[in-house]
Protein chains: 2
Amino acid sequence: MKRHVLIFGLAGGILIAILQYTEYRFVVIEHSVELYGALVAILFSAFGIWLGLRITRNRETIRETVVVKEVFVPAEAPERSGAESKDPLWGSGPKARHAAFAPDTARQQTLGITARELEILTLVARGFSNREIASQLFVSENTVKTHCGRVFDKLGAARRTQAVQRGKELGLLP
Amino acid sequence: MKRHVLIFGLAGGILIAILQYTEYRFVVIEHSVELYGALVAILFSAFGIWLGLRITRNRETIRETVVVKEVFVPAEAPERSGAESKDPLWGSGPKARHAAFAPDTARQQTLGITARELEILTLVARGFSNREIASQLFVSENTVKTHCGRVFDKLGAARRTQAVQRGKELGLLP
DNA sequence: CCAAAAATCACCCGAAAGGGTGACGACATC
DNA sequence: GATGTCGTCACCCTTTCGGGTGATTTTTGG
């Protein structure tokens, strides 16, 4: 947490320096102050938003409420069905999924798959590339790759499609 | 979510206006540009951080862990099963699927996906690499890649995982 | 507070995947 | 015979993936 303030100040100083430098070289020709202010505003807004997202990312109060749903299922069709989940991660797809999905946490634990890894796996299953996943989760692509490698190893998969297949078989993915 | 962008732009304009106004009246005396930029930077950083906090506040995940308790009732559900296919391609997986799967041929035709392409797609979905698929179907790897490219194009997918996801959504894959 | 676990990131390298183009033969249809 | 579709294959090039290694930081549990 302390590091964020540091890089904030640092990047701020650097940005100001750069802006002032460029301002004195190029932009100053005519629309000096207005454009300058707008530039600084935009850049620092983006930076602030990014920082806000980043420092609150893990502040997701994981208020884990366990909701037990009893569902009556015809014995021949053991399809999981239950309430619609609030979490967009498990939300309905374009083809209105009528059954909410709950990952098999027992299996997940026996395999030693962490929550983060499962999160990455679900995004992999949705067809995102590592880069897209990285930008969605505000982490680097290398991190995504690391998680991928770990979860592939735990699932005994060599490819992401295989990992997705295994995940679905094991009840980890919808 | 859209409201935030609006108030963002609005507040941005107002802030810029205020700053420009004040800048021309008070601060301009001596430290014009530097102080001006710093002010804008600080204000907009704070604003960005605030905005980041706000738009992530709703994501304060009240992560309901939905535990689905399946209560089996005596089977009175006649399986709405399609014809059992002879092709082992659609056979039961490791997690004994009780309902046979029949691909949505209508959708398949509207998308212009040929049988061969769908065949390759199912193998892709099972986690096989292009090489493995090639050896299974007794064709060259290049051919598999060609089919893959075609079906990816028809599904609007850029990656195989994405193609698999789309295929499942569209009822082309089990 | 400390130790373990988890998450993050970087770098390298080889393999796999994907895009594009062109081509050829089989087969059906008109 | 001309046309069109489909399946097959090759080549080149770029991007993405996956494996391996090592490191730091954050979180968590005791």
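Any read-out appearing in this document is the output of simple, stated calculations on the displayed coordinates, not a laboratory observation. Since the model is a prediction, treat every value here as computed from it, not as a measurement. Positions of Cβ are generated from backbone atoms using ideal geometry, with glycine treated the same way; all protein chains shown enter the neighbour counts.
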Restricting segment A:133-160 to residues that are touching a residue at least 40 places away in the same chain (Cβ under 8 Å) and within 12 Å of another protein chain (Cβ to nearest Cβ), the residue that is farthest from DNA strand D (Cβ to nearest atom): A:138
Residues satisfying the stated conditions in segment A:125-143, i.e. of a type outside the set (Phe, Trp, Tyr) and more than 8 Å from DNA strand C (Cβ to nearest atom): A:125, A:126, A:127, A:129, A:130, A:131, A:132, A:133, A:135, A:136
Qualifying position, being over 20 Å from residue B:156 (Cα atoms) and either surrounded by 14 or more Cβ atoms within 10 Å (Cβ to Cβ) or more than 14 Å from chain A (Cβ to nearest Cβ) (or both), among B:102, B:106, B:115, B:125: B:102
Residue check for residue B:169: facing chain A (nearest Cβ under 10 Å), acidic (Asp, Glu) and within 11 Å of DNA strand C (Cβ to nearest atom): no
